[in-house]
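Working notes, beginning with the structure itself.
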Amino acid sequence: MVSARCLQAQRLIKGQKGFEIGAGLISDRKPIHDYFYLRAAMTINGKNGRYQFWGIEYTYKKHQFAGFNIPVETYSVEGGYSFRLLGDWSKNISLNLGLSGVAGYEVINEGESLLSNGAVIQNKDSFIYGGDLRLSVEAYLSDHIVMLIDGRSKVIWGTSVEGLRPSAGLGFRYIF
């Protein structure tokens with residue numbers, strides 16, 4: 001007879017891989033469709049609940065200027081490491097701290113610098129780079145499905161808009 005404790009011990013095994021998807025809101029006071037991100041990542045478990053992650057992300061945010069909505073889209077890749085800070089003995093829930101490097105490309109107003117009123121946008125499309133700090137609560141819904149709730153803050157250089165980008169999101173990870 002197999003006990004529940006033995007089954008739960010199969011979680012967080014070194015070398016296990018996972019696929020993660022998530023979405024969230026970028027800090028602002030606008031409708032949800034005006035400021036969001038979508039993310040997909042792969043994870044590889046290490047020892048003691050730690051894991052590496054490699055991901056791609058799409059970010060969309062509208063900025064207001066003289067009655068015009070100016071969209072800023074960011075396409076980025078990131079790679080980093082997550083450390084398990086706290087967790088219960090049965091490996092059902094944990095609090096993790098993640099650190100990563102970020103690189104990508106930012107597109108302002110779909111590459112158009114001229115607005116319909118004749119105003120010229122001075123900000124330019126550019127390559128960006130920086131870092132990301134994330135705090136996440138990760139809960140196992142089953143041995144293969146993990147739900148994540150996270151708060152993140154990116155520091156971005158090479159951008160002509162905001163360099164600090166806080167966000168919060170929800171995601172799911174499937175463990176192979």
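Summary table below
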| read-out | value |
| --- | --- |
| Matching residues, the stretch 121-136, being of a type in the set (A, V, I, L, M, F, W, C) and under 19 Å from V107 (Cα atoms) | I121, F127, I128 |
| Members of the stretch 69-110 that are out of contact with any Gly (no Cβ under 9 Å at 6 or more places or on another chain), open to solvent by 50 Å² or more (accessible area, probe 1.4 Å) and closer than 21 Å to G163 by Cβ | Y105 |
| Neighbours by Cβ (under 9 Å, 6+ apart or cross-chain): first from the stretch 111-130, under 26 Å from S153 (Cα atoms); second open to solvent by 100 Å² or more (accessible area, probe 1.4 Å) | I128/W157; Y129/W157; G130/W157 |
| Test result for N48, polar (S, T, N, Q), more than 28 Å from K14 (Cβ to Cβ), in contact (Cβ under 8 Å) with a residue 24 or more places away in the chain and open to solvent by 60 Å² or more (accessible area, probe 1.4 Å) | no |
| Residues satisfying the stated conditions in the stretch 121-160, i.e. more than 18 Å from the chain's Cα centre (by Cα), assigned to a strand (DSSP E or B) and under 22 Å from T74 (Cβ atoms) | S126, F127 |
| Test: I56 is closer than 28 Å to Y140 by Cβ, in a strand (DSSP E or B), open to solvent by less than 70 Å² (accessible area, probe 1.4 Å) and modelled with pLDDT of 95 or more | no |
| Residue tally, condition open to solvent by less than 50 Å² (accessible area, probe 1.4 Å) and either closer than 18 Å to V146 by Cα or at pLDDT 90 or above (or both), over the stretch 9-35 | 9 |
| Filter pass, L135 being closer than 23 Å to M42 by Cβ and exposed (fewer than 14 other Cβ atoms within 10 Å of the Cβ) | no |
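The values are calculated or read from the model by the stated rules, or taken from the named source; none is laboratory data. This structure is a prediction, so every number in the text was calculated from the model and none was measured. Cβ sites come from the backbone with ideal geometry, for glycine too, and all protein chains shown count toward neighbours. When the accessible area is computed, the model is the full protein with side chains, heavy atoms only, and any ligands, DNA or RNA have been set aside. Shrake-Rupley method; radii C 1.70, N 1.55, O 1.52, S 1.80 Å.
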